[in-house]
Amino acid sequence: MSKPIGLGGKAVLTIGHMAGMIDMVALPLWIGGLMQHYRFSPQHAGITVTLFLLGMVIASAVLAPLFNRIPRRLVTVLGFAAASACFLLIARQPIDGASFELLAPLHALAGLGAGCGLSLVHGSIGRTDNPHRLFGMVSLAAAVLGIGVFAVVPGLTAQYGASVLFVVFAVAMGLAAAVSLVGFPDLGDPARVSAEGARTASPSSRLIWMPIAVVVCLTLNQSMVFAFVERIGAARGFGAGDIQAMLVTLGFFNLLPGPLAAWTQHRISPLNVGIVGPVGQALLAFTLASSAVFAPYALAGVLYVSMVIFTHTFLFGLLSRLDPSGRATSATPAMMMMGSCMGPALGGFIVSGLGYQGLGWAACLVSLVAVVLMARLRMQLRGHADTLQRAFA
């Protein structure tokens, strides 16, 4: 059952989304900082970030089925607070190549905490009266955070060291914990909601796995390629200032897809978006990975994250209608980070073996899988008129 939530509750969910999704905007700086300042190899840098994302997957996968049976406010607060503490510890570790043994387990613990908080934030967004629109708006807020990160953090990192990035992460997680303690929204009686969710089980409960898999494909491509976008530019001889300008422009451009997705909610079919989005992502990834000229590289880089934000907003709205209980949307961090956690490590191995251009070919293969899944979902929905009507109401 959908529930109206006041502006205060929406603000809390927005801050929680911004904190929990900070890896999506900071991934190039994260990988780049570990490689450049900590002297990690591409594999070690990728594995370290992958451990954080894997922790988020595990936490979300465990909590999503329990979404309507646990104390959501308490778990959210404890999760974000634990992540904040872990990042503070990471920031205090020595900056050298031997830090891997210390940083890796702390990243995993931070991911578990952030995954707990973000899972309950996304599940709560899925239970609001218009999940598609609210998810578009929180994506806008995350883009604003991205602008600040790309505009400020590189300069601070150059002046004070890579540990600054982890302090920023700790502050974001701590703020999310504080506001959740004060104003995490009330979603109604968990027992009644759980019973209603059971009654709404239908053929759609079997169909949700296809859009979930498409989100995994999108985020796998996102993290696999975008994690190395700064390193790709450096390897091609593009200036550090030009690359940073591109990342800042990317942050401003990311302000558009969330509101655009909200505005076009009833104008474009999510099934069409789910097919066109992966195709566009593959083209941009191939351009990023193979272009030896700055202009195409920069254009593809600016558009790359926006493609994922726009497509995922439609898929989030589709999932919230296929499963009104909130359980599917509560698993959003799991489905996103499942792709994201594989991306940096997989990308590191591809780069080591095939070079940066190999990332483009790998992204094309993953996008092909996503297109096939969405085409199959379209065929399956045509066989369930009631599900189709609810999904596009």
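The values are calculated or read from the model by the stated rules, or taken from the named source; none is laboratory data. Quick caveat: nothing in here was measured; it's all calculated off a predicted structure. Here the Cβ is made from the backbone with ideal geometry for all residues, glycine too, and neighbour counts use every protein chain on show.
Looking only at residues in region 94-129 that are part of a loop (DSSP other than H, G, I, E, B) and in contact (Cβ under 8 Å) with a residue 24 or more places away in the chain, the one that is nearest to R73 (Cα to Cα) is R127.
Would you please name the residue that is surrounded by the fewest Cβ atoms within 10 Å (Cβ to Cβ), looking only at residues in region 149-163 that are free of Cβ contacts under 8 Å to residues at least 40 places away in the same chain and not hydroxyl-bearing (S, T, Y)? Quick ask: steps written out before the conclusion?
First, the residues of region 149-163 that are free of Cβ contacts under 8 Å to residues at least 40 places away in the same chain: 152, 155-156, 158-160.
After this cut, where a residue has to be not hydroxyl-bearing (S, T, Y) as well, the list is 152, 155-156, 158-159.
Working: V152: 13, G155: 11, L156: 15, A158: 13, Q159: 8.
Per the criteria, the residue is Q159.
Would it be correct to say that G146 is crowded, with 16+ Cβ neighbours inside 10 Å, closer than 14 Å to N254 by Cα, under 15 Å from the mean Cα position of the chain (by Cα) and modelled with pLDDT under 85? Answer is yes for this residue.
To keep it simple, each residue is scored yes or no on (1) of a type in the set (K, R); (2) closer than 18 Å to P278 by Cα; (3) in contact with a strand residue (DSSP E or B) (Cβ under 6 Å, 6 or more places away or on another chain); (4) modelled with pLDDT under 80.
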{"site": "M335", "(1), (2), (3), (4)": "no, yes, no, no"}
{"site": "V351", "(1), (2), (3), (4)": "no, no, no, no"}
{"site": "L368", "(1), (2), (3), (4)": "no, yes, no, no"}
{"site": "D386", "(1), (2), (3), (4)": "no, no, no, yes"}
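Out of curiosity, is L315 modelled with pLDDT of 90 or more, in contact with a Gly (Cβ under 7 Å, 6 or more places away or on another chain), surrounded by 24 or more Cβ atoms within 10 Å (Cβ to Cβ) and over 29 Å from L377 (Cα atoms)? For L315, the condition - modelled with pLDDT of 90 or more, in contact with a Gly (Cβ under 7 Å, 6 or more places away or on another chain), surrounded by 24 or more Cβ atoms within 10 Å (Cβ to Cβ) and over 29 Å from L377 (Cα atoms) - is not met. The helices (runs of 4 or more DSSP H) found wholly in region 180-257 and carrying at least 1 residues that are at pLDDT 70 or above and either more than 16 Å from the chain's Cα centre (by Cα) or basic (K, R) (or both) occupy 204-207, 209-226, 229-235, 240-253.
Of all residues in region 258-297, those satisfying the criterion of being under 24 Å from V138 (Cβ atoms), out of contact with any Leu (no Cβ under 7 Å at 6 or more places or on another chain), in a helix (DSSP H, G or I) and modelled with pLDDT under 90 are A261, A262, W263. The single condition among (1) closer than 26 Å to H17 by Cα; (2) outside any helix (DSSP H, G or I); (3) small (G, A, S) that G317 does not meet is (2).
Restricting to region 280-305, count the residues that are under 20 Å from the mean Cα position of the chain (by Cα) and more than 16 Å from A363 (Cα to Cα). Residues flagged as under 20 Å from the mean Cα position of the chain (by Cα) and more than 16 Å from A363 (Cα to Cα) within region 280-305 amount to 1.
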